[in-house]
Amino acid sequence: MEILPLILHIIVMAVVTYLVRMVPLAIFRKKITNRFIRSFLHYIPYAVLAAMTFPAILQSTASPISAAIGLGVAVVSACFDLGLLPVALLSCAAVFVTEFFL
Amino acid sequence: MNEYWKGFRDGLPIGLGYFSVSMAFGMAAVQSGMPIWAAVAISMSNMTSAGQFAGLTVILAAGSYLENALTQLIINLRYALMSISLSQKLKEGVRPFERLIMAFGNTDEIFALASGQKGAITPAYFYGLMTLPWLCWSGGTLAGASASALLPAAILSAFGIAIYGMFVAIVIPAMKKSLAVIGVVAVAVALSCAFEWLPLINRLSDGFCIIICACLAAVFGAVVRPVED
């Protein structure tokens with residue numbers, strides 16, 4: 001991995017992420033009134049997370065089978081509103097146990 | 001100073017959660033060939049889970065700077081909404097440079113905790129709230145990146161799913177409350193599968209796939225079920 005492009009990538013990421021947080025906080029004082037834009041912004045986090053999760057999650061562990069079981073455990077435990085950390089750890093545990101038997 | 005320490009204490013549970021997820025980020029980064037310093041530098045300067053994992057994907061795929069910038073913009077667009085909302089909750093007379101500092105720490109969890117506070121938010125409270133999560137996010141990345149060479153493959157494989165477990169934990173409760181969110185998630189997943197498996201379009205890079213899938217799914221939601229005023 002070359003160092004200069006890597007540093008530039010890190011700077012690009014940091015600057016864009018910061019600007020997205022900073023510009024509205026520094027400038028916007030009034031509520032956005034455009035209903036379409038507000039609706040779009042309302043749904044975008046779920047759309048992003050869903051698109052990032054599936055099917056990429058199937059390649060996140062040593063085997064698609066353990067990943068699928070980890071996903072199942074995450075979905076079920078999330079249905080019980082266990083919170084971010086418990087759901088993530090249960091999912092890891094399910095993968096660990098499954099791969100032990102594979 | 002009291003306000004600072006109150007925020008500092010309130011930030012502890014967020015910090016604990018961040019430590020484990022950023023360990024997963026550190027491990028993933030080093031496993032894929034990124035040097036430790038770079039993983040830690042990303043966490044110190046970005047402090048955002050989804051954006052960092054996506055950025056890692058773009059860098060590893062030798063994507064362009066524009067692609068990485070667009071990926072960050074789309075994935076982190078939600079922060080713009082949170083910052084707008086936070087700006088409505090600030091105490092009167094917060095100075096511009098204080099807003100510049102607070103903006104850096106406006107993550108999903110810190111924002112959620114700050115919004116839940118009674119009354120207006122002071123910069124001192126928010127600085128306190130940012131402190132432990134930032135330290136834990138950076139420290140967890142360092143710990144995960146350093147430990148990855150020592151840990152057995154089975155542990156590394158299990159931790160690989162951690163970030164996705166967290167994503168699921170954010171999306172599922174919202175799906176339980178809203179049919180529209182279920183529709184948006186279904187569209188996003190269907191498109192994302194299409195970009196993975198259909199010939200021709202599966203050659204498009206991951207960063208742009210996420211942007212296209214997410215934007216189309218969110219537009220679908222905004223058209224089918226616009227939010228109430």
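The values are calculated or read from the model by the stated rules, or taken from the named source; none is laboratory data. The shown structure was predicted, so the numbers you read here are calculated from the model rather than taken from an experiment. Here the Cβ positions follow ideal geometry from the backbone for every residue, glycine too, while neighbour counts run over all protein chains shown.
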note = All-but-one check, residue B:193 against (1) at the interface with chain A (Cβ under 7 Å from one of its Cβ atoms); (2) under 22 Å from residue A:70 (Cβ atoms); (3) touching a helix residue (DSSP H, G or I) at 6+ places or on another chain (Cβ under 9 Å); (4) modelled with pLDDT of 90 or more, failing number (3)
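Here's the yes/no breakdown for (1) in contact (Cβ under 8 Å) with a residue 12 or more places away in the chain; (2) within 11 Å of another protein chain (Cβ to nearest Cβ); (3) of a type in the set (Val, Ile, Thr); (4) over 17 Å from residue A:11 (Cβ atoms):
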{"position": "B:37", "(1), (2), (3), (4)": "no, yes, no, no"}
{"position": "B:42", "(1), (2), (3), (4)": "yes, yes, yes, no"}
{"position": "B:61", "(1), (2), (3), (4)": "yes, no, no, yes"}
{"position": "B:79", "(1), (2), (3), (4)": "yes, yes, no, yes"}
{"position": "B:84", "(1), (2), (3), (4)": "no, yes, yes, yes"}
{"position": "B:105", "(1), (2), (3), (4)": "yes, yes, no, yes"}
{"position": "B:111", "(1), (2), (3), (4)": "yes, yes, no, yes"}
{"position": "B:119", "(1), (2), (3), (4)": "no, no, no, yes"}
{"position": "B:136", "(1), (2), (3), (4)": "yes, no, no, yes"}
inquiry  = Test of understanding: among A:12, A:23, which residue is at pLDDT 90 or above, closer than 27 Å to residue B:105 by Cα and more than 7 Å from chain B (Cβ to nearest Cβ)?
reply    = A:23
inquiry  = Which condition from (1) within 7 Å of chain A (Cβ to nearest Cβ); (2) under 22 Å from the mean Cα position of the chain (by Cα); (3) without any contact (Cβ under 8 Å) to a residue 24 or more places away in the chain is the one that residue B:154 breaks?
reply    = (2)
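Select from the range B:196-216 the residues that are within 7 Å of chain A (Cβ to nearest Cβ) and within 19 Å of the chain's Cα centre (by Cα) and write down the one among them that is farthest from residue B:75 (Cα to Cα). Give the derivation first.
Restricting attention to the range B:196-216, the residues satisfying the condition of being within 7 Å of chain A (Cβ to nearest Cβ) are B:196, B:210, B:213-214.
So of that shortlist, the ones also within 19 Å of the chain's Cα centre (by Cα) come out as B:210, B:213-214.
On the way: B:210: 8, B:213: 11, B:214: 8 Å.
Among those that are within 7 Å of chain A (Cβ to nearest Cβ) and within 19 Å of the chain's Cα centre (by Cα), it is B:213.
Residues that are part of a helix (DSSP H, G or I) and farther than 22 Å from residue B:45 by Cβ: does the range B:123-132 have at least one?
Taking the range B:123-132 as the starting set, the residues that turn out to be part of a helix (DSSP H, G or I) are B:123-132.
Within this subset, residues satisfying the condition of being farther than 22 Å from residue B:45 by Cβ are B:124-125.
Scanning the range B:123-132 turns up at least one residue that is part of a helix (DSSP H, G or I) and farther than 22 Å from residue B:45 by Cβ.
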note = Of (1) crowded, with 24+ Cβ neighbours inside 10 Å; (2) under 19 Å from residue B:213 (Cβ atoms), residue B:73 satisfies every one except (1)
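Among the residues of the range B:73-82, is there at least one that is of a type outside the set (A, V, I, L, M), within 14 Å of the chain's Cα centre (by Cα) and assigned to a helix (DSSP H, G or I)?
First pass over the range B:73-82, keeping only residues of a type outside the set (A, V, I, L, M): B:76, B:78-79.
From what's left, within 14 Å of the chain's Cα centre (by Cα): B:76, B:78-79.
Subsequent filtering for residues that are assigned to a helix (DSSP H, G or I) retains B:78-79.
Scanning the range B:73-82, I find at least one residue that is of a type outside the set (A, V, I, L, M), within 14 Å of the chain's Cα centre (by Cα) and assigned to a helix (DSSP H, G or I), so the answer is yes.
Output the number of residues of the range B:6-60 satisfying the condition of being of a type outside the set (Gly, Ala, Ser) and outside any helix (DSSP H, G or I).
If we filter the range B:6-60 for residues that are of a type outside the set (Gly, Ala, Ser), which is where we start, we get B:6, B:8-10, B:12-14, B:16, B:18-19, B:21, B:23, B:25, B:27, B:30-31, B:34-37, B:40, B:42, B:44, B:46-48, B:52-53, B:56-60.
So of that shortlist, the ones also outside any helix (DSSP H, G or I) come out as B:34-35, B:47-48.
Of the residues in the range B:6-60, 4 are of a type outside the set (Gly, Ala, Ser) and outside any helix (DSSP H, G or I).
To keep it simple, each residue is scored yes or no on (1) closer than 24 Å to residue B:193 by Cβ; (2) modelled with pLDDT under 90; (3) surrounded by 24 or more Cβ atoms within 10 Å (Cβ to Cβ).
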{"site": "A:64", "(1), (2), (3)": "yes, no, no"}
{"site": "A:70", "(1), (2), (3)": "yes, no, yes"}
{"site": "A:80", "(1), (2), (3)": "no, no, no"}
{"site": "A:86", "(1), (2), (3)": "no, yes, no"}
{"site": "A:91", "(1), (2), (3)": "yes, no, yes"}
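When you check residue B:173 against the structure, is it surrounded by fewer than 23 Cβ atoms within 10 Å (Cβ to Cβ), not small (Gly, Ala, Ser) and not in a helix (DSSP H, G or I), yes or no? Give the derivation first.
Values: surrounded by fewer than 23 Cβ atoms within 10 Å (Cβ to Cβ): yes; not small (Gly, Ala, Ser): yes; not in a helix (DSSP H, G or I): no.
It is false that residue B:173 is surrounded by fewer than 23 Cβ atoms within 10 Å (Cβ to Cβ), not small (Gly, Ala, Ser) and not in a helix (DSSP H, G or I).
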